[in-house]
Structure formats: structure tokens, C-alpha cells
1. Mind checking which residues of the stretch A:58-74 are over 18 Å from B:D62 (Cβ atoms) and more than 7 Å from chain B (Cβ to nearest Cβ)?
2. So A:N9 ticks every box in (1) polar (S, T, N, Q); (2) over 25 Å from A:G107 (Cβ atoms); (3) touching a Phe, Trp or Tyr at 6+ places or on another chain (Cβ under 8 Å) but one. Which box is left unticked?
3. (1) under 30 Å from B:M218 (Cα atoms); (2) under 16 Å from the mean Cα position of the chain (by Cα): which one isn't true of B:D12, the others all being true?
4. Please determine, by comparing only the residues of the stretch B:68-94 that are touching an Asp or Glu at 6+ places or on another chain (Cβ under 6 Å) and assigned to a helix (DSSP H, G or I), which one is farthest from the other protein chains (Cβ to nearest Cβ).
5. Only one of (1) surrounded by fewer than 24 Cβ atoms within 10 Å (Cβ to Cβ); (2) of a type in the set (V, I, T); (3) within 27 Å of A:Y228 (Cα to Cα) is not met by A:T30, so which one is it?
6. Only one of (1) surrounded by fewer than 24 Cβ atoms within 10 Å (Cβ to Cβ); (2) more than 10 Å from chain A (Cβ to nearest Cβ) is not met by B:I114, so which one is it?
7. Return the total of residues in the stretch A:36-76 being hydroxyl-bearing (S, T, Y), surrounded by 19 or more Cβ atoms within 10 Å (Cβ to Cβ) and not in a helix (DSSP H, G or I).
8. So how many residues does the stretch B:22-63 have that are in contact (Cβ under 8 Å) with a residue 24 or more places away in the chain and outside any strand (DSSP E or B)?
Amino acid sequence: MDKVLMKGNEAIAEAAIIAGCRHYFGYPITPQTEIAAYMAKRMPKIGGTFLQAESEIAAINMVYGVASAGLRVMTSSSSPGISLKGEGLSYLAGADLPSFVVNVQRGGPGLGGIQPSQSDYFQSTRGGGHGDYHMIVLAPYSVQEMAELTVKGFELADKYRMTAMILADGTMGQMMEPVSLDLQVAEPPQKPWATTGTNLSRKHNIINSLSLVPEELEKLNVARYERYKIIERDEVRYEEYRMEDADVAIAAFGIAARVSKNAVDEARKMGIKVGLIRPITLWPFPKAPFAKAAEHVKQFISVELSMGQMIEDVKLASECKVPVTLCNRVGGMIPTPKQVLEAIVAADKGGKL
Amino acid sequence: MIVFDKPHALIDVPLHYCPGCTHGIVHRLVAEVMDELGIEGKTIGIAPVGCSVMAYDYFNCDMIEAAHGRAPAVATGVKRADPTKVVFTYQGDGDLASIGMAETVHAAARNENITVIFINNAIYGMTGGQMAPTSLIGQVTQTSPYGRDPKLCGYPIKVCEMLRELDGPEYLERVTVNSVAHVRAAKKAIKKAFQNQLDGKGFSLVEVLSSCPTNWGMTPQNALKWIDEKMIPVYPLGVYKDRSATQEGGNK
């Protein structure tokens, strides 16, 4: 299939439709409005539902309803809106419902700004709402990956009965690139647990996150974490770039990884042995490549559009065997390749920038 | 000959409700209506947070437990997923008229084709008797220990009167279940609210004035009297909107 030129946000929307999603609920917020606009145009033409909800809270609960009925469903928002969805994300986790959620991050906290950010890393990788739970968090770094990880997200959500989230940023959402929409989609699994009516032929199904007997609630939590262990074993995704002989390793995802790749190439031209580890799943975090790299690099540099959030996972994964420094911009600013290159040069000299 | 039986749509288990609480009556009416319309097998009920949070253990149809106040949004999702299914929410006054007011108003404004059973007992029961959005002026509760003072916490919210002003909703009626005659009228209203959905008419809400002897601090008998003497004057019974009947030139 030929490639088409699309915005990242549009690529997510079209990929969701290709993945079999026929229900979208959202509330306007910059910088992800193209997703809703695209769905508003497309859904009526393919027998789907586009509904602009009265709030982010209502939208995520409409998602809860469609997920209960066993169908593929999504919502999208940006940082402040995701905070409002936090309640629903926790209930979805407690009820073991599959859902697909997109966060095109903007600068925070509070109303913040509308320019790109990665400062919802903690919120998304640690669950986002109350209680013990995780979401599968996918971090695309190109428009092509926006599309591919959307399909993957729907599949993983169904497979593990949980929320899969795309954690993008304003740059990813707005930038245009050629993208192939020749995407392979696996058949959704059977969902005998769904509330589709008993037809008087089976015991009633109940979708629920309430469990008042502590012994039982404990069992449910433990069982959920057993499932998470399987995901941590089987679903970790990352890219290693020029890491074979690296003395310095950069950790970066999303737009920060694109900037960092340029800096790595420049540094290599200068003779500095530097590589990049790019987590694609932020949860489960790719611990293995960092543990391996900690055996041969003298420093990690975490390049982030936040005050330093993923850096904590880099330290944990590398068990602090070598220093981990931060190279960042925040508030909607993006590190330049020059800034990253300077950090690489400083790290190679053994100093901190 | 069977002269009295439990409805099939109600599971034969002990209910957890307090003695004298009218939730049991309303559960039964909803279940009888499901039986009579033959819809149990294609009905999905949405339980709220509040005293009826465990309604999913009582109704025999498929059930979903929603977050506090979000039942109309969840119901919207379920109904949009398959419009041939029958979807109802069962919500109390804190759930529907306080934390979930936005979801209620917008589901009504969209004329979402669902049925809403709204239990108004003027108090938060499950958490131990706090002031509700529908608590009466002067009503003593745990969080209005000197009586509800409108200067401090405003006035009771009249849900049917408020929703009536919207163009969206199809049918709004307020009933109660404190006497045999009232129970019969309530059943008729609930049946109509489900029949409307089957007919594709849209958002149908039945508000049921209910008793809470435990948190009102009354005997069950006095609680039923309190509905007549105190609640009905503030919340008059009757049909607040019946669009099809009005459009067809019927009496209203």
C-alpha cells in the first residue's frame, strides 16, 4: 500500500478504525483535537459512534460502558483531561476492562501550556488513578509508530483485559510524515465476560470493581499483578541504537529520542562512542537493556521533556551502577540536538554538565 | 394456582437493605416490569454508588457497577454499543443529583434512549446519613446537625422540575411507594419508562420518593408518613414531561 502524508493525531484515529474501533468518546482539548475531528467525520460513514461527551469524566465512563459490552473503544485527551479520566482509569483497571486511551501530552502542572511535554510519565507509568494497578504505556516516536502502536494497543488491551495508553506529545500529534496504513490486525478474542444480555441462557455477568471482603480484594489484586508479571516478561519493547560499543548511553523516548538520535550521530562523527536506548513500552519498562549497558557505559543521560521522571526508572534498571544525569527542557520547550550533544561530550569527559 | 411469586428478574437472595427501606419495593417493581415486558435476557442494568451499590447481586439481568454518579455515561456507552439492548440505571439522590448531575443533565439533553430509576430519599444512606442535594430545608442530618440552612447550603434540587426545561427528555414522572395505591402508580410509571425505551422514544426518568427510617431516625411507619407530610409538599407527585403524549394531543 502507498504511503500517505498524515498528522500523528490523524494516524492514531485511522489506525484505531483499522483496529476495529467503532466507538470514540472525547472532549475538546489542545493539542489532540484532530483525533476527535477525524472521528467525527469518519465514524458516521462506517456505522460507528462519535460522541462529544460533556466532560472527560463522562467520556471515560462511556468507554467503560462500551468496554463492558465487549467492543473495542477509545478516548483521547491531553494532560489536564487525563487527570480527569484518572477516576475512570482506576475503575477500568478494577473491573478488568480493556480500553484504549491516548494522551497527547502538554506542559503542566495545572492548565500549564499547550506545547509538547513528557511530564505525565509518572502519572501514566504508575497508573494515574487510585489503587494498585498499571496500564500498558506505549511511546511512539514517529507517525508510523503512532499508527502501529495504536493497533498494538488495542490488541494488548484485549489480550490482558486492561487499559493500553499511547503516551505521545504535542510534537508527535501535530507533525506530518508519510505513513503506511497497511496494518495487520489480529482477530479480537472472545469475551464471554461481557454484559451483552443473558438471553436467559446463562448466569448474569457482572462488571464490577467493588469487593468488600478484604481477603477477596487482596486475591484480586495479587492475581492482577500475576498478569502484570507476564506482561513484563512478554511485552517489553525498546530500540537500541549504536549501543554495541557505547561508553555513554542516552535514555530517551518520543520526540526526545528523535532529537537524541541526531546528537548521537553527531557525537559519533566526533569519535565519541555513544548510543541510545529508546523505551517503546514505558510500562513495562525495558529494564534488561539498561542493566546490560550498565556493565559497559560510564554514564547514562536521560533526555526528557520533564523535570526528570523516567530518570528514576533508568536508575532503578541500572541499579545506580554508573551515574545517571538529566538533560531536559520543560514547559513546552524541547532540548536541541546541540544541547544533547553538549551533554554527551561532558559525559564522555567523565563530568556532569 | 400461583397467586403470588417472586419475579424471575429478581434473584431470590436476602437483600441487605435496612428494615422499612423502600429500595426492596422499587427493586421488585423494576423486576416485575422486566418480566412482564419479557426483556430480562436483553437488559443491562447499571448500579450506582450508594445504598443500592450491590443491586448487581439482586437483578438477574447482566449488571454493571459504575463509579459514583457516572451511571448515565456508562449507560450511554452500553446503549451505543448495541441499541437493541435495554439499558437502565438505578441511582440515588447523591449519585444522580450531586456528584453525577452533569451526567444526568447531558444524558437527558441528548435524549439518550435509556431508563433511569431515581431513588430520592433526601439523604446519603450508605455513608451514614449525610445531607443530600434533595434534603429538605431544616432537615437534620449528620452534616446538617442544626438542620439544613439554605443560607449555608442552598435549597433542595428538584430534578424533574429542572430536567423538564430541557428539550431532550421524553418522559419525567415523580412517584412514591409509601402506600398500596402509590406502589401501583409507581409500577405503571416504571413500566412506561421501559416501554418508552423499547419504542425508541428516549430518555425516561422515574423519580421515586423513598424512605430511609435508619438515617431519618424514625420507625418505618413514621417514615412512610414523613413522605406524605414533608416530602410530597416539596416534591409534588405527577408527570412532569411526556413528550409523545403532548405531541399526540393527550392530557398532561
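The numbers here are math on the coordinates, done by the rules we state, and not lab data. Please read all numbers here as calculations on a predicted model, not as lab measurements. Neighbour counts are summed over all protein chains in view; Cβ atoms, including those assigned to glycine, are modelled from backbone coordinates with ideal geometry.
1. Correct list: A:A59, A:I60, A:R72, A:M74.
2. (2)
3. Only one criterion is unmet by B:D12, namely (2).
4. Of everything passing the filter in the stretch B:68-94, B:P72 is farthest from the other protein chains (Cβ to nearest Cβ).
5. (3)
6. (1)
7. Selection size over the stretch A:36-76: 3.
8. Final tally of qualifying residues: 29.
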